[in-house]
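Okay, so here's the structure we're looking at.
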Ligand SMILES: CC(C)(COP(=O)(O)OP(=O)(O)OC[C@H]1O[C@@H](n2cnc3c(N)ncnc32)[C@H](O)[C@@H]1OP(=O)(O)O)[C@@H](O)C(=O)NCCC(=O)NCCS
């Protein structure tokens, strides 16, 4: 027996890193290697009752306990509230970095030096414009089209503007699409917003920084130059940093699975946007706002909380599937929230939210269950303070998540162990039925 050491997954590694499995159907024993606290599912295939047997499979709906890849992009430890991009704690990045620098870090694996950051920023800034036909494409949507649907369609459509994007094995071509995706996402998002508002589209202003330019494309009216409030710009930058990646979540897995067919990155990212569109993924902050509207007045908060404690409904924006002690992103964003309110003021909905937060953080029910406000609680409030329609909330999530999706996609493309994603099934249907003519059924 060798010396024992704690593995990354919390298990104890010994020199005998194997699992002994006895198949009680045959009495045979198998030794399966354990690496990084994991066994290879394909190792189970050797376990058969006879030669013609397919071998044992693992059944894991919703991938509750299946690692689908090796990844060096994002580290997440829900129990201890840790989130790191490429090893850097989210708290430090949110305090000292910018979203564009973080995007560089995610894509390249290292923080840029000054020259690299300059070049990267310059490249992203000079690719913010979209082809004029994209504008007419967005114009073709109904006035009330959901902005997430417009974003999904227009990102997918980008593949038709850059047909060489399907050359995913060419590092230079690939890199150009990464730049384009990160650069054009705010433009597409802002066009979708202006379309809903019935306002003319605003072209990118390359003098502004990434978040400032986005604010300009959203809110610029007749003024010659839009001057973003630095506090709003910084708050948006922090929100973007916090949402840039979250390891193998639903949309990232969608990007990887679709990308594994070797389709172009626009189509793969469109799949990620489609996944994010779902209410169980990107839509939670929207639910926070709907809840606040239902509560209506600050005076109704105690009754609402009483209903939650009786199990009638949930306090949206509280609790998290992975972060059981606290959501590290929520701590950071709370501060950004205060800065935004300083600029925008606090409207009655925000007053309700602050009252909910105050009560819930002191109330025994929530304290005992470790239910803290999550990132969606505060991001919903910031978007509300910016007068964003709720449909835009998920779009604001998709913009920064693009750098995460594309970094994970890049990692997958270069991973020699990856192939086209193709899960197995346990077939539960009928077999060997004879076709019955229509008049006999
Ligand atoms: C995020 C969420 C789905 C995680 O759920 P989960 O990990 O399955 O947690 P559980 O459902 O096991 O909840 C544990 C306990 O806390 C309670 N609880 C969890 N979230 C709650 C909430 N938001 N409001 C009130 N009670 C809540 C559950 O009723 C349960 O209580 P019990 O032990 O008395 O039965 C859940 O907290 C939730 O629905 N939150 C609101 C929606 C939200 O903000 N989602 C965004 C997540 S980023």
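A short reminder: the numbers here are calculations on the coordinates, not readings from a lab. Bear in mind that the values here come from a model prediction, so they are computed numbers and not experimental data. So basically every Cβ, Gly included, is an ideal-geometry build from the backbone, and we count neighbours across all protein chains shown.
The table that follows gives values for the structure above.
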{"read-out": "q = 0.13, 0.23, 0.25 Å⁻¹: log10 I(q)/I(0) that the Debye formula gives for region 266-355, counting C-alpha atoms only", "value": "-0.59, -1.29, -1.32"}
{"read-out": "Neighbour-count order for 75, 435, fewest beta carbons within 10 angstrom listed first", "value": "435, 75"}
{"read-out": "GNM result for the chain, Cα springs below 10 Å: residue of 72, 235, 306 fluctuating most strongly", "value": "306"}
{"read-out": "Part-to-part distance (alpha-carbon centres) for region 234-303 and region 187-232, which is given in Å", "value": "22"}
{"read-out": "Burial ordering of 26, 252, 344, fewest other beta-carbon atoms within 10 Å first", "value": "26, 344, 252"}
{"read-out": "Exposure proxy ranking, count of Cβ atoms within 10 Å, fewest first, for 382, 168", "value": "168, 382"}
{"read-out": "Cα-projected label distance for residue 96 with residue 82, points at 7 Å along beta-carbon direction, nm", "value": "1.9"}
{"read-out": "Point-to-point label distance, residue 21-residue 113, nm (Cα→Cβ direction, 7 Å offset)", "value": "5.0"}
{"read-out": "Simple spin-label estimate for residue 364 and residue 169 in nanometres, 7 Å along Cα-Cβ", "value": "6.6"}
{"read-out": "Sum of -39500 (n - 2.57) over DSSP H runs of 4+, divided by residues of the chain (222 nm, nearest 500)", "value": "-15500 deg cm²/dmol"}
{"read-out": "Two-site FRET efficiency, residue 438 against residue 281, from Cβ-Cβ distance with R₀ of 41 Å, rounded to 0.05", "value": "0.45"}
{"read-out": "Max mean-square fluctuation residue, GNM over the chain, Cα-Cα springs under 10 Å, options 219, 129, 137", "value": "137"}
{"read-out": "Directionally averaged projected area (convex hull, Cα atoms, region 102-141), nm²", "value": "3.8"}
{"read-out": "Extension gain (nm, one decimal) between residue 62 and residue 428, 0.36 nm per residue minus Cα-Cα", "value": "130.0 nm"}
{"read-out": "Over the chain: Rg over Rh, Cα atoms, Kirkwood Rh", "value": "1.02"}
{"read-out": "Angle in degrees between helix 99-108 and the longest Cα principal axis of the chain, rounded to the nearest 10", "value": "30"}
{"read-out": "Angle in degrees between helix 210-219 and the longest Cα principal axis of the chain, rounded to the nearest 10", "value": "60"}
{"read-out": "The chain: most fluctuating residue of 111, 236, 152 per GNM, C-alpha cutoff 10 Å", "value": "111"}
{"read-out": "Once the Cα gyration tensor of region 301-441 is diagonalised, semi-axes √(5λ) in Å", "value": "42, 25, 18"}
{"read-out": "Cα extents of region 247-295 along the three principal axes, largest first (Å)", "value": "48, 18, 11"}
{"read-out": "For region 114-269, the Rg and Dmax computed from alpha carbons only, in angstrom", "value": "16.0, 47"}
{"read-out": "Nearest 10 degrees, 0 to 90: helix 171-197 Cα axis against the chain principal axis", "value": "50"}
{"read-out": "Cα pair distances exceeding 14 angstrom across region 16-63, given as percent", "value": "54"}
